[in-house]
Amino acid sequence: MAGLEILRRAADARKPLILAHRGGRALFPENSLLAFRECGKVGAEGVEFDVRPCASGEIVVFHDQKVNRLTDGGGFVDEIPWKELRELHLRGPSKELSKERIPLFKEVLEVLPSSFFVNVEIKYERGDPAKLAAKVLKELEGSRFLLEGKLVVSSFHPRVLFACRKIAPDVPLGYLYEPKWRMAALKSLLVPFLNPVTIHPEQSRATEVLASKERRKGRELAVWTVNDPEAMKRLAASGVAAIITDKPDLARKTMDSLPGAKA
C-alpha cells in the first residue's frame, strides 16, 4: 500500500511527516482554505483536518460540534444548513474574526498541494455512522490523494471506521485513541477487525516500544498534538511516522535541525 510505504520511509529515516493540525491552527484560522493553501509554505508536508455534515447534507470541514467557539455564529453544525453556515466568519489564532469561511470538504481537496499527505478525521456524535461514512467516502472518489496513496481516513469512533471498512475496503484507515482509554484492551478487541494502517495516539502515549509493536503488525504511528520541539525530537527518535502539530513552522525547523537533515 503506497500510503503505508510513505509513512514507513518517514519512520525509518527518523524524520516523521509534518502534518499541520487543522491546517496549522497556531498560525491560521483553523480548518480554513487559507490555512490549507499556506501551511505548506511554512513547512508542512501534509494536513490533518476534520469533516462533519451540516443540516442540508453537505460535508464541511470543521472541528467542533457547535460553531460558537470558532465563528461569529451559534448552534450545532448539523442543525445549520449550508446556505447559512457559509456566511459565518472563522476566528483566527488570537480569536479575532477573519475573512475566512467554513469550507466544504470538496473545496479543501481542491486547494491542497498535490504533494501533501492527507489525514481526514471524521467527526461523529449522533446520527447514522454508516450514512456519514458513505458521504465522506463519496467525496473522496477520484481524489488524487486517494488514488496516489497519500491519504488516510481516521476517527475516534469505531462504528464510523467499521462502516468505512465495509463500504470501501481499500481506503486506508487510522484509529485515534483518547488518552483516558485503555489502549491495550481496545486494540485487542477492535484493531484486528479494523485493520488500520495507522494508529493515532496522543503524544504522551507514543513510545518507541509502541512504535515497534505496531510496526511488527504492519501499522505506523501518527501522533497528536505535538507543539514542543523536545517532544518532536523524542518522537522522531522513537520511530513515529507522522507528527500532527499546530506549529508546522516550528516542526520544520526542528526536523531540519536533526542529525542527517539536509541543509
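Bear in mind these aren't lab numbers, they're just calculated from the coordinates by the rules spelled out. Because the structure is predicted, anything quoted here is derived from the model rather than measured. Glycine also receives a Cβ, built like all others from the backbone with ideal geometry; neighbour counts cover every protein chain displayed.
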task = Positive end of the charge dipole of the chain (Lys, Arg +1 and Asp, Glu -1 on Cβ, about the Cα centre): tell me which of 133, 10, 109 has its Cα farthest that way.
result = 10
ask   = In debye to the nearest 20, how big a dipole does the stretch 58-163 give about its Cα centre with +1 on each Lys and Arg Cβ and -1 on each Asp and Glu Cβ?
value = 120 debye
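Taking the highest mean first, how do the peptides 190-202, 136-148, 218-230 order by number of other beta carbon atoms within 10 angstrom per residue?
Packing order, densest peptide first, comes out as 218-230, 190-202, 136-148.
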ask   = If Lys and Arg each add +1 and Asp and Glu each add -1, what is the summed charge of the other residues whose beta carbon sits under 15 Å from the beta carbon of residue 123?
value = -4
ask   = Over what distance in Å are the Cα centres of the stretch 138-160 and the stretch 62-128 separated?
value = 18 Å
query = Taking the Cα centre of the chain as origin and charging only Cβ (+1 Lys, Arg; -1 Asp, Glu), how large is the dipole, in debye to the nearest 20?
reply = 700 debye
ask   = Rounded to the nearest whole Å³, what is the per residue volume of the convex hull around the Cα atoms of the chain?
value = 120 Å³
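Do the sum for the chain: with -39,500 (n - 2.57) for every DSSP H run of n ≥ 4, divided by all residues, what is the mean residue ellipticity at 222 nm, to the nearest 500 deg cm²/dmol? Present the calculation step by step, with values, prior to reporting the outcome.
Numbers: 11 runs with 94 residues, N = 263.
Mean residue ellipticity at 222 nm (helix-derived): -10000 deg cm²/dmol.
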key: Gyration tensor (alpha-carbon) shape descriptor, the stretch 154-259, a/c threshold 1.5   = prolate
